[in-house]
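These notes are about the structure you will find just below.
Rule-based calculations on the coordinates, nothing more; no lab input. In this text the structure is predicted, and so the values were computed from the model without any measurement. Cβ: placed from backbone, ideal geometry, glycine included. Neighbour counts: every protein chain shown.
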Amino acid sequence: MAIAIPPVVIGPRQKQRTKATKQLPQSLIESTKNVPKVQRFDPNTHLNFTDPEKIYSMKEIGREGGGISPVALTTPFSLFTQEAIEQIRAELFTPEILENYHVKSDFASNMLRGYGAKNAPFIHSVWNNPKVLGIVSKLAGIELVPIFEYDTGHTNVSIDDSNSVVKNGEEEDETAFAWHFDSVPFVCVTMLSDCTGMIGGETAVRLGEDNVMKVRGPTQGCAVLMQGRYIEHQALKARGGAERITMITSFRPKSAFVKDETILVGMRPISHLPELYMQYSEYRLEILEERIRNQLRKVRERKRALLEFDTKGMEEFLREQRGYIDTTIGEMVELD
Ligand SMILES: [Fe+2]
């Protein structure tokens, strides 16, 4: 059987995590200062889910059989109430996060990431809430969990201070990011900004050779879900809004028995490596632990049933785990 090689991922060129040099406008902090803090996500007041108009399949975009699920991406769907968005923004724009977790790369100049559950309990309770995970999993066609804490609630902030006025259809599409595949199986991109007057911001998806499909970007409180590891895509530039703040959370399959091709290429240059490698190792070891326990159970069951040892099956199992371990080792690149 031919082994499908996962798409190559290109990450930022910079070697290490770099603090952002441009300060975010004080008005962002001011606007969230008076929001009364809530510690936990409550689906009764914070969830506002409606199904997306359309879920594109891998088959529809010419990638049938690829990835871990038949789902490629969704159109924007409503996910959170205004109150939830206000809580998320209030947790993000605090002096602690802006001082210590505001980073930049040659891909994006303002990112907030790696701030952890301690600094943002509400955000972490959002992405670990069973109801939210249920929705994300249902739409993805496979049970998903956040990759790990470090990549939960990654936020891109883009501020337009040029006061440019844009007329519809006036300019060619500009790209915010080049064509790429993600480092993680699924991403959920949530819009935290009011998009009134904003033009562009779509996700472009490559269909086969030279065909491209554009999917509308989400508006405030809405999200799109995409199997970004296996779909070639790019974000188109948004114009005409004062700010564009999106939160991206990465997901992997919950089951230890589903292929997991999560890599760290896109994360290494924007993460504190010891923390990133610890979290990556921890979940990879958990997956291995479960796989090994399961294999051991199979071996013992055959033994008990007086069946001959399945040498081929064991070989195949070990080879697969060796590949998984090799990938894990290869991702933990030491800095000079
Ligand atoms: Fe992406």
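Hey, among the residues in segment 24-38 that are surrounded by 11 or more Cβ atoms within 10 Å (Cβ to Cβ) and of a type in the set (S, T, N, Q), which one's nearest to residue 122 (Cα to Cα)? Here the answer is 32. The set of residues in segment 233-249 that are more than 16 Å from the ligand (Cβ to nearest atom) and either more than 21 Å from residue 26 (Cα to Cα) or of a type in the set (Ser, Thr, Tyr) (or both) contains only 239. Checking each residue in segment 57-116 for being touching a Cys at 6+ places or on another chain (Cβ under 7 Å) and hydroxyl-bearing (Ser, Thr, Tyr) picks out only 78. Scanning segment 1-21 for residues that are surrounded by fewer than 17 Cβ atoms within 10 Å (Cβ to Cβ) and touching a strand residue (DSSP E or B) at 6+ places or on another chain (Cβ under 8 Å) returns 10, 18, 19, 21.
Reported count of residues in segment 64-81, each being surrounded by 21 or more Cβ atoms within 10 Å (Cβ to Cβ) and part of a loop (DSSP other than H, G, I, E, B), is 5.
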